[in-house]
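Working notes for the structure below.
The values are calculated or read from the model by the stated rules, or taken from the named source; none is laboratory data. Small disclaimer: the values here were computed from a predicted structure and weren't measured. Glycine gets a Cβ as well: all are built from the backbone with ideal geometry, and neighbour counts include every protein chain shown.
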Amino acid sequence: MKIGTRLPGFAREIGFDAFCQWLAESGFEAVDTPVLTREIAKTCERSGLAIGTCDARAGGLLSPDAATRRTALSTLKKDLSAIARHGGHTYFAILIPDDRSQPRAQSFEIFEKVYPRVVAHAEKVGVNIAIEPWPGGAPHYSNLGCTPESLRRIFECIPSPNLGICYDPSHFVRIQVDHVRLLHEFADRVKHVHLKDTEILSEKLYESGILGESYTRTYGFGEGWWRYTIPGEGIVDWQLIIRRLEEAGYDGVLSVELEDHHFWETPELQKEGLARSRDYIDQFLKGQIQKGE
């Protein structure tokens, strides 16, 4: 397994080339990319970085309007072809409707119509699809693929081995889904992994329950009673997760997704958060901590 990152805030400020140079100099081995182009692929190659997931344009794909879906499908197919053509392997998919209030059941009915054609094209060009489990924003939480209930329906609808998940335990922790059990159930579907953790704040949970804060916002990347953190500062047992991934035969990229209130305000803090994440996970990959310790 290789440790990489998604693009944090400062990467957009300094540009993709400079960010890749920093990653290579800082001991990272991979990077997740925007929509993959020849130039981006060449930058990764020059920097000695493996390509993790690649973003693509999918806006409108879950629209109730058939014409909007056709346009979105055509655009996404072009981006999937570009991923394959330029050496990428995995599309990072967020199954989010444009209308955030659209019920999940309605979105799934649309998904059943359009997504088999997405997956058929992915199979044709040799690209995997990793579904992101972010549930979406409050109050609707409208995204598909963020619970076992949703994932079971998705894979029953489309059993293709090219369709899988981006395993990110932080999202499952915050919505109170057993992230270890989910990994056991969907281990053969893991196409990518995000290194991100979640802290549960019991005092804040007492104050506002799972409804979240109403009058203040204590943390960025959270709802008061929970917040995203770098690996090792939340409740996820990363040694266990790495072992389970190894046992399942996963040998892909582990990408730090930096969304931590304490490592975000400045580029220096973001770099520190990325480095701390890398070092914390690297100890398990190198076997420096043995089972039982």
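Identify, please: which residue in segment 108-139 is modelled with pLDDT of 95 or more and in contact with an Asp or Glu (Cβ under 9 Å, 6 or more places away or on another chain) and is, among those, nearest to HIS89 (Cα to Cα)?
GLU132
Looking only at segment 184-205, how many residues end up being assigned to a loop (DSSP other than H, G, I, E, B) and touching a residue at least 60 places away in the same chain (Cβ under 8 Å)? Step through it out loud before you land on a result.
Going residue by residue through segment 184-205, those that are assigned to a loop (DSSP other than H, G, I, E, B) are 196, 201.
Next cut, touching a residue at least 60 places away in the same chain (Cβ under 8 Å) only: 196.
Number satisfying all stated conditions: 1.
Can you name every residue in segment 15-43 that is without any contact (Cβ under 8 Å) to a residue 40 or more places away in the chain and assigned to a helix (DSSP H, G or I)?
Selection gives PHE16, ASP17, ALA18, PHE19, CYS20, GLN21, LEU23, ALA24, GLU25, GLU39, LYS42, THR43.
With (1) buried (at least 20 other Cβ atoms within 10 Å of the Cβ); (2) closer than 24 Å to GLN270 by Cα; (3) more than 16 Å from the chain's Cα centre (by Cα) as the list, and ILE154 as the residue in question, which single condition is left unmet?
(2)
From the list THR198, THR229, THR216, which residue is closer than 22 Å to PHE263 by Cβ, touching an Asp or Glu at 6+ places or on another chain (Cβ under 9 Å) and of a type outside the set (D, E, K, R)?
Of THR198, THR229, THR216, the one residue that is closer than 22 Å to PHE263 by Cβ, touching an Asp or Glu at 6+ places or on another chain (Cβ under 9 Å) and of a type outside the set (D, E, K, R) is THR229.
Is there a residue in segment 213-223 that is of a type in the set (A, V, I, L, M, F, W, C), at pLDDT 95 or above and either part of a loop (DSSP other than H, G, I, E, B) or under 26 Å from GLU149 (Cα atoms) (or both)?
As a first pass, look at segment 213-223 and keep what is of a type in the set (A, V, I, L, M, F, W, C): 221.
If we keep only those that are at pLDDT 95 or above too, we end up with 221.
Filter once more, so that each one left must be either part of a loop (DSSP other than H, G, I, E, B) or under 26 Å from GLU149 (Cα atoms) (or both): 221.
Yes, some residue in segment 213-223 is of a type in the set (A, V, I, L, M, F, W, C), at pLDDT 95 or above and either part of a loop (DSSP other than H, G, I, E, B) or under 26 Å from GLU149 (Cα atoms) (or both).
Residue-wise test of (1) of a type outside the set (Asp, Glu); (2) touching a residue at least 12 places away in the same chain (Cβ under 8 Å); (3) more than 30 Å from GLY220 (Cα to Cα); (4) buried (at least 17 other Cβ atoms within 10 Å of the Cβ).
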| residue | (1), (2), (3), (4) |
| --- | --- |
| GLN102 | yes, yes, no, yes |
| ILE110 | yes, yes, yes, yes |
| ALA122 | yes, yes, yes, yes |
| ALA138 | yes, yes, no, no |
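Find all pairs meeting these conditions: Cβ atoms under 6 angstrom apart; at least six residues apart or on different chains; first residue within segment 206-226 and touching a residue at least 24 places away in the same chain (Cβ under 8 Å) and surrounded by 15 or more Cβ atoms within 10 Å (Cβ to Cβ); second residue in a strand (DSSP E or B) and hydroxyl-bearing (Ser, Thr, Tyr).
Filtered contacts from segment 206-226: PHE221/TYR228; TRP226/THR198.
When you look at ALA56, is it in a loop (DSSP other than H, G, I, E, B), under 19 Å from LEU163 (Cα atoms), within 21 Å of the chain's Cα centre (by Cα) and aliphatic (A, V, I, L, M), yes or no? Before the answer, list the steps.
Details: in a loop (DSSP other than H, G, I, E, B): yes; under 19 Å from LEU163 (Cα atoms): yes; within 21 Å of the chain's Cα centre (by Cα): yes; aliphatic (A, V, I, L, M): yes.
Against the criterion (in a loop (DSSP other than H, G, I, E, B), under 19 Å from LEU163 (Cα atoms), within 21 Å of the chain's Cα centre (by Cα) and aliphatic (A, V, I, L, M)), ALA56 qualifies.
Just give me the residues in segment 6-62 being of a type outside the set (Ser, Thr, Tyr) and in contact with a His (Cβ under 6 Å, 6 or more places away or on another chain), in sequence order.
Taking segment 6-62 as the starting set, the residues that turn out to be of a type outside the set (Ser, Thr, Tyr) are 6-25, 27-32, 34-36, 38-42, 44-46, 48-52, 54-62.
LEU36, ARG38, ALA41, listed by residue number.
Condition test on GLY234, is it over 19 Å from the mean Cα position of the chain (by Cα) and either under 20 Å from ALA30 (Cα atoms) or not β-branched (Val, Ile, Thr) (or both)?
Working: over 19 Å from the mean Cα position of the chain (by Cα): no; either under 20 Å from ALA30 (Cα atoms) or not β-branched (Val, Ile, Thr) (or both): yes.
So GLY234 does not fit the description; no.
How many residues does segment 70-121 hold that are assigned to a loop (DSSP other than H, G, I, E, B) and touching a Cys at 6+ places or on another chain (Cβ under 7 Å)?
Kept after step one, since they are assigned to a loop (DSSP other than H, G, I, E, B), are these residues of segment 70-121: 86-89, 94-103.
Among the residues that remain, those that are also touching a Cys at 6+ places or on another chain (Cβ under 7 Å) are: 88.
Number of matching residues: 1.
For segment 246-273, which residues satisfy the criterion of being hydrophobic (A, V, I, L, M, F, W, C), farther than 18 Å from THR198 by Cβ and assigned to a helix (DSSP H, G or I)? Don't jump to the end; show me each part of the working.
Restricting attention to segment 246-273, the residues satisfying the condition of being hydrophobic (A, V, I, L, M, F, W, C) are 248, 253-254, 256, 258, 263-264, 269.
Retained after the next criterion (residues that are farther than 18 Å from THR198 by Cβ): 248, 253, 269.
Correct list: LEU269 only.
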